[in-house]
Amino acid sequence: MRVQTDAYEQKRLEILKSCRLLDTVPDYAFDQIVLTLKEVCQVPVALFGLMDQEREWFKAKVGCGLTEAPRETSYCNVALQQQQMLMIPDTLQDPVFINKPAYLNEQLVRFYAGMPLITPDGYGLGVLCIIDFLPRELTSSQVQTMTELARQVVIEIQKRRVIESINLEALERISHHRQDRFFWKLGLGFGLVIALRIASVLPTLWMTAHAQKLSTSVIHTQEILAHINELELSLREAQLAVRNYTILNNRTTNLNNYDTQIKDIYQHLAQLKILTEDNPNQQMELRKLELLMNEKIKILNQLIDDIDRQNVDIVRRAYITTESNPLIPNLVQTLRRVRDRELVLLQQRRKAFKENDELSSTITWANLGITLLILIVILIWIYREIRRRYHRESKANQQEEFLEVTLASIGDAVLMTDADETIILMNPVAEVLTNWPHQEAVGQKFSTILNLINTETQAPYPSPATAAIKSQVNQSLHSAVSLVRRDGEKIDVDDSCAPIIGSSGLVEGVVMVFRDISEQRRQEEQLAQTLSREQEINGLKTSFISMVSHEFRTPLTSIFSSTELLGSFDGKTNPERQKKHFERIYSSIYRLEQMLDDVLLIGRVESGKLQFQPDAMNLEFVMKDIVDSIQAGIGRHHQINVSFDNVDQPVFMDAKLIKYIFTNLLSNAVKYSLPMHPVEVKVAIVNAGVEVQVIDQGIGVPAEDLPKLFRTFQRASNVGNIHGTGLGLSIVKTCVDLHGGSIQVASVLDQGTRFRVWLPNHLAVLSKAS
């Protein structure tokens, strides 16, 4: 018993709300329990109430129009606080509640009994109670029944808790699935690394391109300098060729060399113009250089012509004059300026190339460092994420294992679907009831696995999963619903279907909990038949008492009147009349004896004291004795014909039970036949036993009475005023059953009846066994 603190109350309300029973539609299971409680306790009002924070809401009710009541003034609240049964036989006499009257349906509540509904973990969620407007007491059996019904209510509540826990588990899995962005985060991290690598590649590419450009510029400048040097060399070679020609006068060799150098000079000059076309200053210097060189070459050409026309002295003087001409220094100076500028440019470009190379290395190493740092961060995050996922998966596995154990151990079948009514889970009980293995059922539609039909009309039953998804409220099955299993077998089922509602408010699926109630239905039908039979028997007993009173009074009256007449006779009385009265007395006494024997015998039958005690006997002798007894009594006005077919050997039967059987059958044959109508008795050996047929030509038995002819107190509807107790054929059937035999009846109304009795010969059975 838990102490009812604020924490207890808060937890109790959480559990109550988690069951999702408050303010819901009626539930067949709870309604049946309350109805049963009302019938068992014979009270006008029975309730199943759930105790909310400030109200008691009635989930199931009979005899009450209210849906809720204030908690503070409720008797159920007292029972819930006590956590034990509260019974108030008379509220006006109870010292605690005499000043706390309660009214229901505008009537004063005089009797109250409430059983608190305590969950296995010790939390009281509600009360199962009964109310009467008159003082009364409950019997011990009623209290026991009420306790058992309260336990059934708690079981039903626990089932709802299981359903909701399954719903919660499914929602948590869906939520974890949606929130699990591990791979998205991992992709983002590696995407960042790739982006940084791309970002680092772009400057690297630019630096490489810039370095390539600087390298090209350096090579370009070096090429210019090479051409300048070649130009200067060619110019000196040309001048040297002219000097050699002047001194050696070797025209072929020197002039050919001169022509070659002049051609090289112009080629180098043209290349320099092309190479320095992006440098206006150098272009201007090259134009000056070109003019100076043209003048220089013109002088050299003139000198060659003079050598060819004049003497050596004139040429020497001309050559000396040429050497002293300022054209040569100007030409050399111009070439040097061009070279110096290119050297300066070469130095600048080499420096820029070196700086670019150093910057490129710095950027490369910086990018590598940043990338490595990001990779380390990602690896640390991956490690932590893996640990977090491992713990979460471990917890999920534990929850899943707990769920699987719960689903496997729960006595009801459980099915879970998604929002499209596709099966995603089923427990072993569901596999057995539907005859669908879990592997084959998962992925199938709900209506395929749970083929529900109306038991009474055999028409398809609307899918509770569809209704739960559309209405978003729990659905209870109709009281007459059958499940068509995979093999075609039909079983009765009932229970409820609950929607799985996600955090977004949308239905994520349903949970169906159901059970096989075929046996329960059979028991209910048997109980109904038993109650009907009890009512019938009570009626028959009433009729029997009335009939027996009449039947006893008639022979007693006859005996009383005959004895009075015999007592008043004098010696002159006719002996025939005396004999007649004595026969009447004997007949009445025999009739009373028969009725008393039947009553006593049926009492022994019902108490189980009538036993089968077989012994070797001569059946022909016993049957003749029975026939003679009947013939001498009530059958004296009838002809009883007996035939025996090979019945000369002893049989192993109970002679006392044999007399009960055939005395009753022969008495009925005579009693329900007109005088002088024959009665046939045929005795024969059939199938290691004895078959006896009793055939009359009496009033017969209506066809509708034949199935219940052997019931206690049962008489045919056409017997009229013919006396009888309705016990004889019940005794016959019991005696035949004790022998292990069988009895059959065939009758045609107003034509007669044939009883066929077969009894095994236990002596023959014993002989075969030995």
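The values are calculated or read from the model by the stated rules, or taken from the named source; none is laboratory data. This is a predicted model, so every value here is computed, not measured. Glycine gets a Cβ as well: all are built from the backbone with ideal geometry, and neighbour counts include every protein chain shown. To get the accessible areas, we keep the full protein, side chains included, count just its heavy atoms, and leave off ligands, DNA and RNA. Shrake-Rupley method; radii C 1.70, N 1.55, O 1.52, S 1.80 Å.
Before moving on, here are some points about what is shown:
- Candidate set from segment 205-240 (those that are in contact (Cβ under 8 Å) with a residue 40 or more places away in the chain, open to solvent by 40 Å² or more (accessible area, probe 1.4 Å) and more than 21 Å from V338 (Cβ to Cβ)); member that is farthest from the chain's Cα centre (by Cα): H210
- Being modelled with pLDDT of 85 or more and surrounded by fewer than 14 Cβ atoms within 10 Å (Cβ to Cβ) holds for only one residue in T145, T139, and it is T139.
- Among the conditions (1) within 11 Å of the chain's Cα centre (by Cα); (2) open to solvent by less than 50 Å² (accessible area, probe 1.4 Å), V442 misses just one, which is (2).
- Taking the numbered list (1) touching an Asp or Glu at 6+ places or on another chain (Cβ under 8 Å); (2) exposed (fewer than 15 other Cβ atoms within 10 Å of the Cβ); (3) in a helix (DSSP H, G or I) in turn, D628 passes all entries but (1).
- Those residues of segment 343-379 which are closer than 26 Å to G187 by Cβ and either of a type in the set (G, A, S) or not in a helix (DSSP H, G or I) (or both), in sequence order: A366, G369
Matching residues to (1) without any contact (Cβ under 8 Å) to a residue 12 or more places away in the chain; (2) over 19 Å from the mean Cα position of the chain (by Cα); (3) in a strand (DSSP E or B):
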| position | (1), (2), (3) |
| --- | --- |
| T448 | yes, no, no |
| I491 | no, no, yes |
| C497 | no, no, yes |
| I500 | no, no, yes |
| V511 | no, no, yes |
| E519 | yes, yes, no |
| E524 | yes, yes, no |
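- In the set (1) in the same structural domain as L657 (by the TED database); (2) at pLDDT below 90; (3) in contact with a strand residue (DSSP E or B) (Cβ under 8 Å, 6 or more places away or on another chain), E691 fails one condition alone, (2).
- Residue count, segment 736-752 (criterion: over 12 Å from V694 (Cα atoms), surrounded by fewer than 18 Cβ atoms within 10 Å (Cβ to Cβ) and more than 52 Å from the chain's Cα centre (by Cα)): 4
- Residue check, I166 at pLDDT below 90, more than 22 Å from G63 (Cβ to Cβ) and touching a strand residue (DSSP E or B) at 6+ places or on another chain (Cβ under 7 Å): yes
- Verdict on S730 being among the polar types (S, T, N, Q), open to solvent by less than 20 Å² (accessible area, probe 1.4 Å) and outside any strand (DSSP E or B): yes
- Near pairs, Cβ below 9 angstrom, 6+ apart or cross-chain, from segment 455-467 (in contact (Cβ under 8 Å) with a residue 12 or more places away in the chain and hydroxyl-bearing (S, T, Y)) to any residue that is open to solvent by 40 Å² or more (accessible area, probe 1.4 Å) and part of a helix (DSSP H, G or I): S463/S447; T466/S447
- Condition check for R317 on (1) modelled with pLDDT under 70; (2) open to solvent by less than 70 Å² (accessible area, probe 1.4 Å); (3) among the basic types (K, R): one failure, at (2).
- The set of residues in segment 657-710 being farther than 18 Å from T734 by Cα, of a type in the set (V, I, T) and not in a helix (DSSP H, G or I) consists of V679, V681, V683, I685, V686, I695, I699, V701.
- Considering segment 733-764, and only residues there that are among the hydrophobic types (A, V, I, L, M, F, W, C) and touching a Phe, Trp or Tyr at 6+ places or on another chain (Cβ under 7 Å), the residue that is farthest from A655 (Cα to Cα) turns out to be V745.
- The set of residues in segment 694-716 that are surrounded by fewer than 20 Cβ atoms within 10 Å (Cβ to Cβ), in contact with a strand residue (DSSP E or B) (Cβ under 6 Å, 6 or more places away or on another chain) and aliphatic (A, V, I, L, M) contains only I695.
- The set of residues from segment 338-390 being without any contact (Cβ under 8 Å) to a residue 12 or more places away in the chain, over 17 Å from L205 (Cα atoms), surrounded by 11 or more Cβ atoms within 10 Å (Cβ to Cβ) and of a type in the set (K, R) comprises K351, R388.
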